[in-house]
1. State all residues of the stretch 1-28 that are closer than 23 Å to E65 by Cα, of a type in the set (A, V, I, L, M, F, W, C) and in contact with an Asp or Glu (Cβ under 9 Å, 6 or more places away or on another chain); if no residue qualifies, say none.
2. Among all residue pairs at least 6 apart or on different chains, which show Cβ distances below 7 Å where the first residue, located in the stretch 3-22, is closer than 15 Å to A81 by Cα and the second is at pLDDT below 90 and part of a strand (DSSP E or B)?
3. Among the candidates A49, A39, which residue alone is surrounded by 13 or more Cβ atoms within 10 Å (Cβ to Cβ), within 17 Å of P98 (Cα to Cα), without any contact (Cβ under 8 Å) to a residue 24 or more places away in the chain and in contact with a strand residue (DSSP E or B) (Cβ under 6 Å, 6 or more places away or on another chain)?
4. I'm trying to understand the selection: among the residues of the stretch 54-89, which are surrounded by fewer than 18 Cβ atoms within 10 Å (Cβ to Cβ), under 16 Å from P24 (Cβ atoms) and touching an Asp or Glu at 6+ places or on another chain (Cβ under 6 Å)?
5. Output the qualifying pairs, or none if there are none: Cβ atoms under 9 angstrom, residues six or more apart or on different chains, first residue in the stretch 70-82 and on the phi > 0 side of the Ramachandran plot, second residue surrounded by fewer than 17 Cβ atoms within 10 Å (Cβ to Cβ) and not in a loop (DSSP other than H, G, I, E, B).
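The values are calculated or read from the model by the stated rules, or taken from the named source; none is laboratory data. Remember, it's a predicted structure, so these values are computed and weren't measured experimentally. All Cβ positions, even for glycine, are placed from backbone atoms using ideal geometry, and neighbour counts span all protein chains on display.
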Amino acid sequence: MNPDTVWAVVVLYGCKVQLFHHKPTAEELHFVVGGWIEAIPLYDPQAGAAIGYINEEGKILQMPENDEATKLYGNPHDWIAGPMVILGPPDSEGEDTPIPPGWLEKLSISA
């Protein structure tokens, strides 16, 4: 895989993002979200499907609301507390894939 491939995008507070140019390990995901990892489905009609990884206990731990991640989640009955890491949907073996190009465009990130 091309070393410039963007594997994942971390959505922080205030619309700030960080990029992973490698497939993040479970330990890295755990560190970035600050605790136990929960996978949530993301879907956008133009960008397609993706997976968001968040802190499973973000609300219990009283992490601040992440407005940008909440908008990307798109569930009007829920909100995201803490950072969110976005990757592509799982492949046929259940492994993470790189974030789809449509999501990079949606987040205004050049690949």
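1. A8, V11, L12, C15, V17, F20
2. If the second residue must be at pLDDT below 90 and part of a strand (DSSP E or B), the pairs left are V10/V17; V10/Q18; V11/V17; L12/Q18.
3. Numbers: A49 fails: without any contact (Cβ under 8 Å) to a residue 24 or more places away in the chain.
Going through A49, A39 in turn, the sole match is A39.
4. none
5. Pairs that qualify, where the first residue is on the phi > 0 side of the Ramachandran plot and the partner is surrounded by fewer than 17 Cβ atoms within 10 Å (Cβ to Cβ) and not in a loop (DSSP other than H, G, I, E, B), are G74/Y43; G74/D44; G82/Y13; G82/E65.
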